[in-house]
1. Once you have a ≥ b ≥ c as the square roots of the Cα gyration tensor eigenvalues for the stretch 257-319, tell me rounded if a/c is under 1.5, and otherwise prolate or oblate according to whether a/b is larger than b/c.
2. Once every Cα of the stretch 105-170 carries one equal point scatterer and solvent is ignored, give the base-10 log of I(q)/I(0) from the Debye formula at q = 0.13, 0.27, 0.28 Å⁻¹, two decimals.
3. Once both labels are modelled 7 Å past Cα along the beta-carbon direction, what's the Arg340-Met273 spacing in nm?
4. Does anything in the stretch 138-164 have its amide N under 18 Å from the 7 Å Cα→Cβ label point of Asp55, and if so which residues?
5. Please identify every one of the GluC sites (Glu not before Pro) in the stretch 282-387 that sits in a loop by DSSP and has no more than 10 other beta carbons within 10 Å of its own beta carbon.
6. Across 10 Å bins from the origin, how do the percents of Cα pairs in the stretch 55-177 run, short distances first?
7. Could you calculate the FRET efficiency of Asp141 with Arg228 from 1/(1 + (r/R0)^6), where r is the beta carbon distance between them and R0 is 30 Å, rounded to 0.05?
8. Quick one: the Cα spread of the chain along its three principal axes, in angstroms, biggest first?
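Just so it is clear, none of the values below were taken in a lab; they were calculated from the coordinates. Given the structure is predicted, the values throughout are model-derived calculations rather than measurements. In this analysis, Cβ positions are derived from the backbone assuming ideal geometry, glycine residues included, and neighbour counts consider all displayed protein chains.
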Amino acid sequence: MKRCLLFVALLISASTLQARGTGDLGVLIERASSSVQIVETSNNTSLKRVAGLGDLSHASVVYSRDARYAYVFGRDGGLSKVDLLDGSIAARRLQSGNSIGGAISQDGRLIAVSNYDPGGVRVFDAHSLEPVADIPATYGDDRARSKVIGLVDAPDDRFVFALWDAGEIWVLDMSDRDRPQVTRYRNIGRQPYDALITGDGRYYIAGLFGEDGMALLDLWNPDRGVRRILSGYGRGEQKLPVYKMPHLEGWAVAGNYAFVPAIGRHEVLLIDMQNWTEAGRIAVHGQPIFVMARPDGRQVWVNFALPDNDTIEVIDTQSLEIVHRLRPGKGVLHMEFEPRGEEVWLSVRDENRVEVYDTRSFERKAAIPASKPSGIFFTARAHRIGL
């Protein structure tokens, strides 16, 4: 009888671990230990650590549409499928020598990975991680291969990405997985370094490292080609040394304006999204890396490259003024807002912790120990284009 009761108790305990929603879950990247922590945002606690994920020095994450699985893209080419409920690796594949991120298709059935070595995009079945397509990023005489950056998902089961070496944007249509179709846009500008897609999936915008400006592709009107925007920004001004490339993903939108990091300058650039022209500049503490909006668009939070990476500045999107400055500690690498924006999580890499702040009072609410934390990714991303 006692054995039966013990068996039932174990069953109940096991089912309790499974019987929870994933809407308040997320993962913290621990770059030094090849691991992630599974966390929950209702009480701001860590639930479990999952190890064995390879080189996570530039890792990113996307989620399955049911938000149960996190797909972790490692710098060493590793693609790992992590079960958030089991706290285990459901599948793993070493798919290249050097990769820089990935995306999940609109229907949730395909995972695409952007690669530096060999340059190109590889596509996998989201359930099994079996290969589906290999798209070499060739250019010139079609023998040279470019590094791929800025890979995002787009409506109609398309992926969009840029070629650093070739100065091109490609649209990969995977609506028929047996017959992938690629549309190439050439001469979009020198050295696209990162890219974003607007929340409605219409505009793909690549930042340019090799020259001033950005390249914009209207996916609703692709026959119009790529349009250069902000090409005069910074002309005649000397750029500062760039200690860390800014990131465009997670860009900030408030009203009709977009807030983006100005490469090589201590400024946040304000863009009028109605005509894609410069609408202003906001002087900030250092060279911005992430410029991210609170989900309601009321605030923009900015972190910085060395030597100012101990600081966060908060911009009020009505007054366009800096209304608060935080110094959480050395090496603030990443920010992630909780789905409704009442709190924000910050990774403080050099002090081995993640901190949680109230976005209204700016009070620190929690601190979670973590081994050299970098990226923070919540499951709310599962339902947003480009994230």
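1. On the way: a/c = 2.29, a/b = 1.39, b/c = 1.64.
Here the stretch 257-319 falls in the oblate category.
2. -0.34, -1.14, -1.19
3. Each label point is offset 7 Å from its Cα along the Cβ direction, giving 2.3 nm.
4. From the stretch 138-164, the list is 146-150.
5. Values: sites: Glu313, Glu321, Glu336, Glu342, Glu343, Glu351, Glu355, Glu363; in loops: Glu342, Glu363.
Sparse-neighbourhood loop GluC sites (Glu not before Pro): Glu363.
6. 15, 48, 31, 6, 1
7. Numbers: r = 26 Å, r/R0 = 0.87.
That pair, Asp141 with Arg228, gives E of 0.70.
8. 82, 52, 33
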